[in-house]
Every structure is written in C-alpha cells, then in structure tokens.
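In what follows, a single structure is set out as structure tokens and then discussed.
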Amino acid sequence: MPPALIDTHCHLDVPPFVSQLDTVLADAGKKGVCRFILPGVEAAGWDNLLRVVNRSPAFFAAPGIHPLFCKNTGDAEIAKLDSLLCERRRQVPAKIVAIGEIGLDFWPSECDEEQQRRIFEAQLDLAEHHRLPVLLHVRKAHDAVLALLRRRKLSAGGIVHAFSGSLQQAEQYAGLGFFPGFGGGITWPRARRLRRIATSFPLEKIVLETDAPNMPLYGHQGHGNHPALLAEVLTCLAELRGMEEEDLAAEIWQNSCAILQLPMKEEKV
C-alpha cells in the first residue's frame, strides 16, 4: 500500500471535480491520498463547499474569503463566516478545520490593498476567536502578511499555501506557527530557489498540497491537476531530500494532522 497522504489544499467543490468526486476519491486513494482539505474563496460558494465536504469523511472544509474576492465583501459576509464557525462546534467530527484561503494578493495592479487588509484582518480575528488555523494565500505580499501576523501571534497558526517566498520568510512564518505548503512548484527543475527551500527547511514544519485543479506538475502540462498527483509531489520531495518516501510521508502526515487539528488515524477512501 502507498503511504498515507493529506492534500492540504485542493478545490474539489468546483468543476470538473464536483461532478466526479467518486472517481477523484478512487484515483487518489490508489495513490495513498486519503484526506482532502477544501478551501473556500467567496461567501457565495460556502454552502456548496459544505455540501461537498459532507459527501465523504475524507473531506474537510476551510471556508474563507480569498483576497481577490474581497471587492464586494462586507460585514454581512464576515458575520456569515462567524456563524458557520459557531455551527462547527456542534458537528462531531468537525468538518470545518480551518479558515481559508485568506491573505493578501498584491499581484494585480488594480488590487484594492486597503480592502484586502480589512477583510484579511477580520478573518484573522475570527481565527483567533475560534482558535482555528488559517490557510494563507500570499502573492507579492509576504512582508505585509508577516507584519500583520507578528502583531497578532495566532495561537493555532496555519499553512502558507503554495509557498513562494524566500528561505528567510519561510523561517519567519515558522516562528509564528505557520508551515509552508509545497506542491507542484517543486517538481519543476527550473524552480531552483523553491527546491532549495523545500530541501533544507526543517522537515517537521512542512506540508504538501496540489491546489488542484491549479498549479500543474512538471510533465503534466496541459492535463490539469488532481489530488492523486500528490504522490508525485511526495516522490519529488523525497528525491530532493534523499529520503525514503514512506519515512517522508509519515513525517508529513504527522505535520498535517498537527497543524490542522486532525486525528492521526487515517480514513479509508
């Protein structure tokens, strides 16, 4: 049997996955992927997100407001998110395990940085109140996000999704309780800096993801991305670090369960 893996970031609530969940689960299960964290991006999609995660004990949700979906977001959406997180406490086991994906994205030239910060900070307030980890989306804004996190020091920490910063920034995140998430990016030979970070960073602070259907792996250009390919990310990281895949997977599993507050015992897909 392949080693057990958790895809800490995959969008299975969107086409083409939402109509093919049985196939996605079966294909991923053959590769050892047996837990899936599904982040949200906007309030309008949360109800569908929760319907999807309730279809399998292997699915968990991280509803949130993506920085690029902040434009028409206000107090009503933050209140709705708070209500969902309050309802989470009545669910056993809890299906909402984090708030995500949230953060700052200063890549688009027309982005409203002030609005992004306001919505991001409101969601950080909820994360601290509910003692939940967060899934961070950060692009061209690592220093700004780190500055906000230093002022707050969230007790549950979280994951820096699709980490793309420097080694120094990764170390600063780790000092604040945040693990870098590595995915298809490390499979690209030209991604030398990212590969160096994934190779040298403390193993006990690393998690893996696919960001399916986004973030394609090297060798799969034009074919999309899906959770079963997390096994190839594991293989790549094991080669980079000179480790046996089984040993690496065991460490990554423990890290993922710890940061996401999940039980160590795996579900059967």
Inset, instruction - Return the pairs, sorted by first residue and then second, in which the second residue is aliphatic (A, V, I, L, M), the first residue lies in the range 162-173 and is within 10 Å of ASP143 (Cβ to Cβ), the beta carbons are less than 6 Å apart, and the residues are 6+ apart or on different chains. - result: GLN172/LEU146
Legend entry - the range 6-28, residues that are touching a residue at least 12 places away in the same chain (Cβ under 8 Å) and either surrounded by fewer than 19 Cβ atoms within 10 Å (Cβ to Cβ) or under 19 Å from VAL160 (Cβ atoms) (or both): ILE6, ASP7, THR8, HIS9, CYS10, HIS11, VAL14, PRO16, VAL18, LEU21, ALA26, ASP27
Legend entry - Which numbered condition ILE78 fails, given (1) out of contact with any Gly (no Cβ under 6 Å at 6 or more places or on another chain); (2) closer than 26 Å to ARG35 by Cα; (3) among the β-branched types (Val, Ile, Thr): (2)
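Quick grid of which residues meet (1) within 24 Å of VAL53 (Cα to Cα); (2) assigned to a loop (DSSP other than H, G, I, E, B); (3) of a type in the set (Val, Ile, Thr):
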position: ILE78; (1), (2), (3): yes, no, yes
position: CYS86; (1), (2), (3): yes, no, no
position: GLN91; (1), (2), (3): yes, yes, no
position: GLY103; (1), (2), (3): yes, no, no
position: GLN115; (1), (2), (3): no, no, no
position: ARG151; (1), (2), (3): no, no, no
Inset, instruction - Residues being of a type in the set (A, V, I, L, M, F, W, C) and farther than 16 Å from ARG196 by Cα: count how many of those fall in the range 220-241. - result: 4
Inset, instruction - Answer yes or no as to whether VAL145 is in contact (Cβ under 8 Å) with a residue 12 or more places away in the chain, in a helix (DSSP H, G or I) and either aliphatic (A, V, I, L, M) or touching a Gly at 6+ places or on another chain (Cβ under 8 Å) (or both). - result: yes
Inset, instruction - Output the number of residues of the range 194-252 satisfying the condition of being touching a Gly at 6+ places or on another chain (Cβ under 8 Å) and hydroxyl-bearing (Ser, Thr, Tyr). - result: 2
Inset, instruction - Select from the range 78-115 the residues that are closer than 20 Å to GLY165 by Cα and acidic (Asp, Glu) and write down the one among them that is surrounded by the fewest Cβ atoms within 10 Å (Cβ to Cβ). - result: GLU113
Inset, instruction - Restrict the check to the range 118-134 and report whether at least one residue is among the aromatic types (Phe, Trp, Tyr), part of a loop (DSSP other than H, G, I, E, B) and surrounded by 15 or more Cβ atoms within 10 Å (Cβ to Cβ). - result: no
Inset, instruction - Residues being touching a helix residue (DSSP H, G or I) at 6+ places or on another chain (Cβ under 8 Å) and either more than 12 Å from ALA144 (Cα to Cα) or β-branched (Val, Ile, Thr) (or both): count how many of those fall in the range 102-118. - result: 3
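Any read-out appearing in this document is the output of simple, stated calculations on the displayed coordinates, not a laboratory observation. Since this is a predicted model, take the numbers as computed values, not measurements. Here Cβ is always computed from backbone atoms with ideal geometry, including for glycine, and neighbour counts include all displayed protein chains.
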